[in-house]
Amino acid sequence: MSTAATSIKPAMKTKKSQGKYGGNVLVYALSLAVVALTLGPVLYGVLGGFRTNAQLAQAPAALPEPWVLSNYTGVLNNPEFWRYALNSTMIAVLTTVIVVVFGIMAAYPLARYQFRLREPIFMVFVLGLLFPATVAIVPLFILISRDLNLGNTWWGVALPQAAFALPMTVVILRPFLMALPQELEEAAQLDGTSRIGFFWRILLPLSGPGMVTVGVLAFVGSWNAYLLPLLLLQGEMRTLPLGVADFSTEHSADTAGVFAFTTLAMIPALIFFLAMQRRIVSGLQGAVKG
Amino acid sequence: MTEGVKVVSATVPARQGTAAEARPRNTAAERGSRSPKRKLRAPADKRKNLEILFFVTPALLLIAMFMLVPIIQAVRFSVYNWKGFGPLVDFVGLQNYVRVLQNEVFTDALVHNLVIIAGSIIIQLPLGLAIALLLNRKMKIQGLLRTIIFVPYVLSEVIAGVVWFQLLQPQYGLIDTVLAKLGIQGPAQGWLGTPDLALWTVLIVLTWKYLGLAVILFLAGLQGVPDELYEAAQIDGASWWQIQRKITIPLLGPTLRTWGFLSMVGSLQLFDMVWILTGGGPANSTTTMATFLVSEGTKRQNFGVASAASVILFIVALILAVSYQQFILKRDTQPDTSRKRKKVRR
């Protein structure tokens, strides 16, 4: 926070010399305040990981002095951390693959075939949007852990997550596929391509951006999920969010360690999600706007 | 993509056989082949129907298995007194619902959900709008600022919750330390430990987490406002503030309303952040419907009661969603028939 406060001044000076509107100064100052409030807690966690518990207790609001790496190396040498990361990755990958494959398959006839039940079937997906996993969480837990014997497995989490992500996926993908020009399909038919051939050779390559968008949304959802893994996964099958939550309660006295663990859990995901920011935003907008 | 959605909505046929919806796969084949236009191409039609079946079945099966079956089960469990073992024999009718609705912890939880819904919208709407207008100016660092604003949203609620839990520690947390320097003393039990403050504290953390989404969606809506309108208004001598009030915000209406809907649905399902920050405490002052049903189901093994609570949660969500559609989203266009169909799609 203190860094943000000091860096306002140079920004003000440069802007004043450039622009004729005095309002710019205010805009930049306000922007910096927003940035400081947004990033402050995250940066505090990152920096806190470089401090010792004694430093944190003595002066909670200070910078690391000296910088210690032991918290971070401790987490990186902790096999549990890597195990959680592996579980999170595998579950997210499984979820994403199922969602994208099943989603594009379902969206294709709903977008480009003419048949009587097209709209009723699409309505099934739209209605699916209304049911969050929370509503069915208790029977879902019983179904997966008892009836299907998939408790404490990657598939046990990935399958229901995919089911609950599919409605959104189909709702986003269908208009995307509908927007592909009809001429393409006609041209392919004239060349003797079947509808399945059109799907494989033309539609799939062209719908890459749409599939990336829904894939990223499914991956983010799975990576960040907490409730379903909380009920279904124990011990070394736990995912990173469960690991972070448990680490913070088990080592509540070791604040610096908690910060280091949390930071390492968020950094790879943060980089990936921010790189995919455009996809996430366009996906959300696609789903939001009607 | 937006365009696409609009086209879809406009071309939806007015009515579809609802009975057919119950057995989609069989009837898809029958209807298709009976359709008069294609009578002459029966083999091709059969092939087409098989294709449709092949493409649509996996997704529908997955949804039936993991969404439909559990939801039906929830309704079934809700009328039995069931502790999770043995057959479902102890039929109790609506007694579980009565128990849930008479349970003060649940009714308080419902109120907490409603407070979070209202609080989120009341705080995030003006704040998000202000930040979006701020960032909508042509600035060199605009892209960077947007990315930064989006950071809390892409973090998981658990990670955000754990970090804030540390920041909010009584006395030794960053927030109390900074306040102490300013001569303000934080509450003795901590922000999350004081029943009267805990819910508001959770609300502030949620605001931090989700404001980025509002800003990003509003910004996208702002890009859709044609530049000519601004130019025309400027030529007419309108001030920046007048332009925002008379042009930008009204044109942003649909985006604001749909964001409000998303925010509401999210607040109704609130679980992760509360579970991490307070676990529903202190003294049940932050329980939500979701934390209530999870602790009834997993900690106390009251599956009947938990299921009744989840059915109630769904009904509340449905009522709010339908009324929101009716009273707020309706304004987006004239209430003609195509509009009604469009609403269903959302």
Query raised in the report: For A:Ser282, are the conditions met, namely being under 24 Å from A:Gly103 (Cβ atoms), open to solvent by less than 30 Å² (accessible area, probe 1.4 Å) and either polar (S, T, N, Q) or in a loop (DSSP other than H, G, I, E, B) (or both)?
Result: no
Query raised in the report: Do we find that A:Ile91 is open to solvent by less than 10 Å² (accessible area, probe 1.4 Å), under 24 Å from A:Met237 (Cα atoms), within 9 Å of chain B (Cβ to nearest Cβ) and in contact (Cβ under 8 Å) with a residue 60 or more places away in the chain in this structure?
Result: no
Query - Subset of region B:244-291 [open to solvent by 30 Å² or more (accessible area, probe 1.4 Å) and on the phi > 0 side of the Ramachandran plot] - result: B:Gly279, B:Ala283, B:Asn284
Query raised in the report: Just checking, how many residues over region A:135-149 are touching a residue at least 12 places away in the same chain (Cβ under 8 Å) and at the interface with another protein chain (Cβ under 9 Å from one of its Cβ atoms)?
Result: 4
Report task. Under 6 Å between Cβ atoms, at least 6 apart or on separate chains: pull out the pairs that start in region B:289-318 with a residue that is more than 8 Å from chain A (Cβ to nearest Cβ) and without any contact (Cβ under 8 Å) to a residue 24 or more places away in the chain and end on any residue that is among the β-branched types (Val, Ile, Thr) and crowded, with 24+ Cβ neighbours inside 10 Å. Result -> B:Glu296/B:Val305
Query raised in the report: What's the number of the condition B:Gly183 fails, among (1) in contact with a Ser or Thr (Cβ under 8 Å, 6 or more places away or on another chain); (2) more than 8 Å from every other protein chain (Cβ to nearest Cβ)?
Result: (1)
Report summary line: Restricting region A:49-78 to residues that are under 24 Å from the mean Cα position of the chain (by Cα) and in a helix (DSSP H, G or I), the one nearest to the other protein chains (Cβ to nearest Cβ) turns out to be A:Val75
Query raised in the report: Does any residue in region B:129-158 that is touching a residue at least 12 places away in the same chain (Cβ under 8 Å) come within less than 8 Å, Cβ to Cβ, of a residue that is among the basic types (Lys, Arg) six or more places away or on a different chain, and which pairs are these?
Result: B:Leu135/B:Arg146; B:Pro152/B:Lys209; B:Tyr153/B:Lys209; B:Leu155/B:Lys209; B:Glu157/B:Lys209
**Report entry** Counted residues, region A:159-178 - those being within 17 Å of A:Leu284 (Cβ to Cβ), more than 7 Å from chain B (Cβ to nearest Cβ) and open to solvent by 10 Å² or more (accessible area, probe 1.4 Å)
**Finding:** 3
**Report entry** Residues located in region B:181-207, provided they are surrounded by fewer than 17 Cβ atoms within 10 Å (Cβ to Cβ) and among the hydrophobic types (A, V, I, L, M, F, W, C)
**Finding:** B:Leu182, B:Ile184, B:Ala188, B:Trp200, B:Ile204
Report summary line: Picking from A:Thr263, A:Thr255, A:Thr239, the residue that is at pLDDT below 90 and assigned by TED's automatic domain parsing to the domain that holds A:Gly156 would be A:Thr255
Report task. Scan region A:210-233 and give yes if some residue there is more than 30 Å from A:Pro139 (Cα to Cα), aliphatic (A, V, I, L, M) and in a helix (DSSP H, G or I), otherwise no. Result -> yes
Requested in this report: For residues that are closer than 18 Å to B:Phe165 by Cα and among the β-branched types (Val, Ile, Thr), scanning just region A:33-48, find the one that is farthest from the other protein chains (Cβ to nearest Cβ).
Outcome: A:Val46
Requested in this report: From B:Arg25, B:Arg41, B:Arg47, B:Arg99, grab the single residue that is at pLDDT below 50 and more than 7 Å from chain A (Cβ to nearest Cβ).
Outcome: B:Arg25
Query raised in the report: What is the one condition in (1) within 25 Å of the chain's Cα centre (by Cα); (2) farther than 30 Å from B:Tyr80 by Cα that B:Leu293 does not satisfy?
Result: (2)
Query - Exclusive hit being assigned to a helix (DSSP H, G or I), of a type in the set (Ser, Thr, Tyr) and at pLDDT below 85, set A:Thr14, A:Thr38 - result: A:Thr14
Query raised in the report: If only one of B:Ile159, B:Ile141, B:Ile122, B:Ile148 is open to solvent by less than 20 Å² (accessible area, probe 1.4 Å) and of a type outside the set (Phe, Trp, Tyr), which one is it?
Result: B:Ile159
Query raised in the report: What residue, of B:Val69, B:Val75, B:Val56, is more than 30 Å from B:Ile175 (Cβ to Cβ) and more than 8 Å from chain A (Cβ to nearest Cβ)?
Result: B:Val75
Requested in this report: Could you tell me whether B:Ala238 is of a type in the set (A, V, I, L, M), farther than 23 Å from B:Ile123 by Cβ and at pLDDT 90 or above?
Outcome: no
Report summary line: If we keep only residues of region B:62-111 that are in a helix (DSSP H, G or I) and of a type in the set (S, T, N, Q), then the residue surrounded by the most Cβ atoms within 10 Å (Cβ to Cβ) is B:Asn96
Report summary line: Within region B:171-180, of all residues that are more than 7 Å from chain A (Cβ to nearest Cβ) and open to solvent by less than 50 Å² (accessible area, probe 1.4 Å), the one farthest from A:Phe259 (Cα to Cα) is B:Leu179
Query raised in the report: With respect to A:Pro109, is the statement that it is more than 21 Å from B:Gln166 (Cα to Cα) and open to solvent by 60 Å² or more (accessible area, probe 1.4 Å) true?
Result: no
Query raised in the report: Can you name the residue in region A:234-279 that is within 10 Å of chain B (Cβ to nearest Cβ) and assigned to a loop (DSSP other than H, G, I, E, B) and is also most open to solvent (accessible area, probe 1.4 Å) among such residues?
Result: A:Ser252
Report summary line: Counting only residues in region A:187-233 that are aromatic (Phe, Trp, Tyr), touching a residue at least 40 places away in the same chain (Cβ under 8 Å) and within 10 Å of chain B (Cβ to nearest Cβ), the one farthest from A:Thr153 (Cα to Cα) is identified as A:Phe199
Query raised in the report: If the Cβ limit is 9 Å and pairs must be 6+ apart or interchain, which residue in region B:90-106 that is on the phi < 0 side of the Ramachandran plot pairs with which residue that is surrounded by fewer than 16 Cβ atoms within 10 Å (Cβ to Cβ) and at pLDDT 90 or above?
Result: B:Val100/B:Thr107; B:Leu101/B:Thr107
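The values are calculated or read from the model by the stated rules, or taken from the named source; none is laboratory data. Remember, predicted model here, so these are calculated numbers, not experimental data. Glycine gets a Cβ as well: all are built from the backbone with ideal geometry, and neighbour counts include every protein chain shown. Remember, those area values only see protein heavy atoms, side chains included, never the ligands or the DNA or RNA. Shrake-Rupley method; radii C 1.70, N 1.55, O 1.52, S 1.80 Å.
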